[in-house]
Amino acid sequence: MMSTVRYIPPSIAAGAANKSIICIYACAYSATPVSGPGSSTSGTQTNHWVLFCCVNQRDSYRIDPSPSGPNLTITPIITFKGYPYTANASKICQLDTSSLTVGSFIALLERSTYDKYQFDAGGQGCRYWIYSVVNLLQSQGHIQNSSQTQAAINALGIVWGDNHQPLPTSQQTGITPGRFYALS
């Protein structure tokens, strides 16, 4: 099966491959209603999570696990950013890394078939995908600080507001697992 990873624009792929990742920031964007845009903000919410792979103090490559493939399958979209992580994050978790380049990280995702993932019927599942990737990186020795890993895992289980605080209990949703279909 062909990889679903997409670099936008495609020309950044070659330059990104050998860039050493100094740390990864797992970031949550603003909470949105589970039932979709335009729904009541008083109901349950979720955050969309992405990874920013920092290659120096000011630049990163963002990996956005987008459910934009056929049947809500993942298309990990990689874009270059002139900042280490988004200023619009509702929650940021730093994960110090070792022995990892952008290319080796993407190769690990592909080799582990983490690019073969299907979101649930409502398009949810990015938190579970990020959770799985964090665990993969730790299990492979790329994240050695177990307290950072645990902090990220704990944060992924919470829906965050724009004030960087958890939303009220009535608005929380659990992590919705998708399905790694190449592993099924």
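Every number here is computed from the coordinates shown, using simple stated rules; none is lab data. This structure is a prediction, so every number in the text was calculated from the model and none was measured. Here Cβ is always computed from backbone atoms with ideal geometry, including for glycine, and neighbour counts include all displayed protein chains.
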Mean Cβ neighbour count within 10 Å, used as a protection proxy, ranking 88-95, 16-23 highest first | 88-95, 16-23
Here Rg/Rh (Cα, Kirkwood) for the stretch 97-184 equals 1.01
Can you tell me the 0 to 90 degree angle between the C-alpha axis of helix 126-139 and the longest principal axis of the chain, rounded to 10?
-> 40 degrees
Grab the other residues whose beta carbon is less than 14 angstrom from that of Ile77, score K and R as +1, D and E as -1, and report the net.
-> +1
So the angle from the long Cα axis of helix 102-111 to the longest Cα principal axis of the chain, reported in degrees to the nearest 10, equals 70 degrees
With R₀ set to 22 angstrom, the calculated FRET efficiency between the beta-carbons of Asn135 and Ile22, to the nearest 0.05, is 0.60
Between Gly141, Gly103, Gly15, find the one with the highest GNM mean-square fluctuation for the chain; connect C-alpha pairs within less than 10 Å.
-> Gly15
If each K or R counts +1 and each D or E counts -1, the residues other than Tyr61 whose Cβ falls under 10 Å of its Cβ total +2
Report, to two decimal places, the Cα Rg of the stretch 6-171 normalised by 2.2 N^0.38 Å (N = number of residues).
-> 1.01
Treat every Asp and Glu Cβ in the chain as -1 and every Lys and Arg Cβ as +1, leave all other atoms uncharged, and give the resulting dipole magnitude about the Cα centre to the nearest 20 debye.
-> 140 debye
For the stretch 6-171, give the share of DSSP beta bridges that are antiparallel, in percent and rounded to the nearest 5; count only bridges with both residues there.
-> 95 percent
Picking from Tyr83, Val134, Ser20, whose Cα lies most toward the positive end of the charge dipole for the stretch 6-171 (charges on Cβ: Lys, Arg +1; Asp, Glu -1)?
-> Ser20
Using the per-residue mean of other Cβ atoms lying within 10 Å as a proxy for protection, in what order, highest first, do the peptides 150-156, 74-80 fall?
-> 74-80, 150-156
